[in-house]
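Contents: one structure, followed by commentary.
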């Protein structure tokens, strides 16, 4: 089967195609025939070597979020059957024509979502869920400023914040004002403008901006003692603000979040879909870094 990965850290040009054997599912795993694989900022960070202290020991296949059809199940699998269309969460190996996933990290595709929308859902919605519930510990009636509000994580964060009874200040570009207001944002700030009206009023800041680029300027919206949750980094500040690194702990499971999210009527922006080739993957990574797109970026592995 074809996979896409890399053997040395670097820019998007290091991504290449390889042929490997189709995995055999273990006792508690399912084998998924991939329809779409999602491309996330985390993939960019891994490819660049942001978390690495030593060179790669072997070819690394990226990807932690796929939608596909189950074609085989392990002997101890009871929750799924061959033919089920599922969202599968994997530590890696998602950039492949097939992927083996644990049944506890596999979820039936919500009926109200297309396969492409489902592939745009789990990673970013789960990140938004834990940002609000796990890190910020948001309470009804509080005010939250969401940086990067029109992005994949930010758009889910708006909807979940409103579902929790929060007042939402959405910070994004002017071209996305109508979109984020349509998701439920109470107030809007164009991050290109020097807007002081909302300075110092937020109890919570969720920095969902691209690679944390909005955090340094976005801290202005925090009141003294506010909780600032940085999903890809934290700003330097002398402010009296609680800085929280939004890297999930082991007890912040996909299952708990997905169980809470799966039946919510969340709006999912139509994704950008690119071909499942090394060229397509390189373009996807470059798009994420540039931030010049709307919606999640997917690689289409096969027709659904």
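The values are calculated or read from the model by the stated rules, or taken from the named source; none is laboratory data. What you see is a predicted model, and the numbers here were worked out from it, not measured in a lab. Reconstructed Cβ throughout: ideal geometry from the backbone, glycine too, with neighbour counts over all protein chains shown.
Quick look at the numbers
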quantity	calculated
Scan of segment 12-44 for residues that are out of contact with any strand residue (DSSP E or B) (no Cβ under 9 Å at 6 or more places or on another chain) and surrounded by 15 or more Cβ atoms within 10 Å (Cβ to Cβ), ordered by number	12, 41, 42, 43, 44
Failed item in (1) more than 18 Å from the chain's Cα centre (by Cα); (2) under 28 Å from residue 127 (Cα atoms); (3) in contact (Cβ under 8 Å) with a residue 24 or more places away in the chain, with residue 53 passing the rest	(3)
Complete set of residues in segment 172-197 that are in a loop (DSSP other than H, G, I, E, B), touching a strand residue (DSSP E or B) at 6+ places or on another chain (Cβ under 9 Å) and farther than 22 Å from residue 233 by Cβ	184, 185, 186, 195, 197
Residue in segment 161-168 that is touching a strand residue (DSSP E or B) at 6+ places or on another chain (Cβ under 7 Å), more than 21 Å from residue 222 (Cβ to Cβ) and not in a loop (DSSP other than H, G, I, E, B) present	no
Which listed residue, of 107, 156, 135, is crowded, with 22+ Cβ neighbours inside 10 Å, assigned by TED's automatic domain parsing to the domain that holds residue 76, within 19 Å of the chain's Cα centre (by Cα) and over 26 Å from residue 18 (Cα atoms)	107
